[in-house]
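**Q** The following block contains the structure, expressed as structure tokens.
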Ligand SMILES: [Zn+2]
Ligand SMILES: [Zn+2]
């Protein structure tokens, strides 16, 4: 029996033929990283390989790392494996990793979304024999409305806040979601940012991603002089001291989890906008079908339910255990 192209270890997805890991959660000698989110790009690896577009944010978050960039679609030989990175449509620079060994092709999706958001590099299906898919939103209840519709809701909310003399406070994960939201706004006033969001904006602007003007909220910023502002901050900041300076505000939160009423209630936000950087239920099905894969591994989300559904559809489906340790929480805010 030939060895599988990728195996699942207690440090993460491993390629024996190339002796490397993909998005490992414990320090390893050689790591291929799908994107810069904290649960995928962790500190402490000997070397990093990621797309050229993903690297600046990774360096910003991880500091001094021994990292190399690769272009989308460029093939590279590592040991007896050939690897390449392909757009995952999740956030700027995000990739699926294609690994080929002895004619067998496996793809590790990382996080992905299939609809084009007009901001990051759009998802490209990659043909393979085995596909390791995330399924953060692998339940039929998770279907997303077209982005333009959600954008209209958010802009209408901003206008309503302005009419009532309130500040619109929008919670969004600082890498990815915040910038996608920025690209969807029709500014009727200044856009203010929390430091974590502004730092990521700066990195992405430096790479040539186009974002509207934003103003970092510093202690000396005269908030009273600003008319009808909208503020973007990470969800953690909305629950803390930082947010107290904005009196008379309406809070909104943009996430796929806003599809669930229980979570909307628990978050105690005035408004929930259903907007995710992950594939919805139809998107997952479409993506898996497009790979042509017979074998599918479900990870990151509703794995058991999703793998069972895949088996019923005739796939050779498996569940991949993932390390938790706070990931569910992070996923909830990042998604
Ligand atoms: Zn992610
Ligand atoms: Zn993730």
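The values are calculated or read from the model by the stated rules, or taken from the named source; none is laboratory data. Keep in mind that this is a model prediction, so the values were computed, not measured. A quick note on method: Cβ atoms are made from the backbone with ideal geometry, for glycine too, and the neighbour counts reach across all protein chains shown.
**Q** If a residue has to be modelled with pLDDT of 90 or more and within 23 Å of the chain's Cα centre (by Cα) to count, how many in segment 238-259 make the cut?
**A** 9
**Q** Can you give me the ranges of the strands (runs of 3 or more DSSP E) entirely in segment 245-306 with at least 1 residues that are within 16 Å of ligand 2 (Cβ to nearest atom)?
**A** In segment 245-306, 295-301 are the strands (runs of 3 or more DSSP E) which contain 1 or more residues that are within 16 Å of ligand 2 (Cβ to nearest atom).
**Q** Which count do you get for residues in segment 126-154 that are in a loop (DSSP other than H, G, I, E, B) and within 16 Å of ligand 2 (Cβ to nearest atom)?
**A** Residues in segment 126-154 being in a loop (DSSP other than H, G, I, E, B) and within 16 Å of ligand 2 (Cβ to nearest atom): 4 in total.
**Q** Working only within segment 47-66, note down all residues that are assigned to a strand (DSSP E or B) and buried (at least 16 other Cβ atoms within 10 Å of the Cβ).
**A** Those that are assigned to a strand (DSSP E or B) and buried (at least 16 other Cβ atoms within 10 Å of the Cβ): 48, 49, 50, 51.
**Q** Could we say that residue 269 is touching a strand residue (DSSP E or B) at 6+ places or on another chain (Cβ under 6 Å) and without any contact (Cβ under 8 Å) to a residue 40 or more places away in the chain here?
**A** No, not satisfied.
**Q** Tally time: how many residues in segment 95-105 are touching a residue at least 40 places away in the same chain (Cβ under 8 Å), assigned to a strand (DSSP E or B) and surrounded by fewer than 24 Cβ atoms within 10 Å (Cβ to Cβ)?
**A** The qualifying residues number 4.
Listed here are the residues, each with its yes/no results for (1) more than 25 Å from residue 316 (Cβ to Cβ); (2) in contact with a strand residue (DSSP E or B) (Cβ under 7 Å, 6 or more places away or on another chain); (3) surrounded by fewer than 20 Cβ atoms within 10 Å (Cβ to Cβ).
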position: 72; (1), (2), (3): yes, yes, yes
position: 75; (1), (2), (3): yes, yes, yes
position: 93; (1), (2), (3): yes, yes, no
position: 124; (1), (2), (3): no, yes, yes
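**Q** Return yes or no: is residue 42 within 16 Å of ligand 2 (Cβ to nearest atom), surrounded by fewer than 21 Cβ atoms within 10 Å (Cβ to Cβ) and free of Cβ contacts under 8 Å to residues at least 60 places away in the same chain?
**A** yes
**Q** If you don't mind, there's one more thing I want to ask. In segment 26-39, which residue that is surrounded by 19 or more Cβ atoms within 10 Å (Cβ to Cβ) and more than 16 Å from the chain's Cα centre (by Cα) is farthest from ligand 2 (Cβ to nearest atom)?
**A** It comes out as 28.
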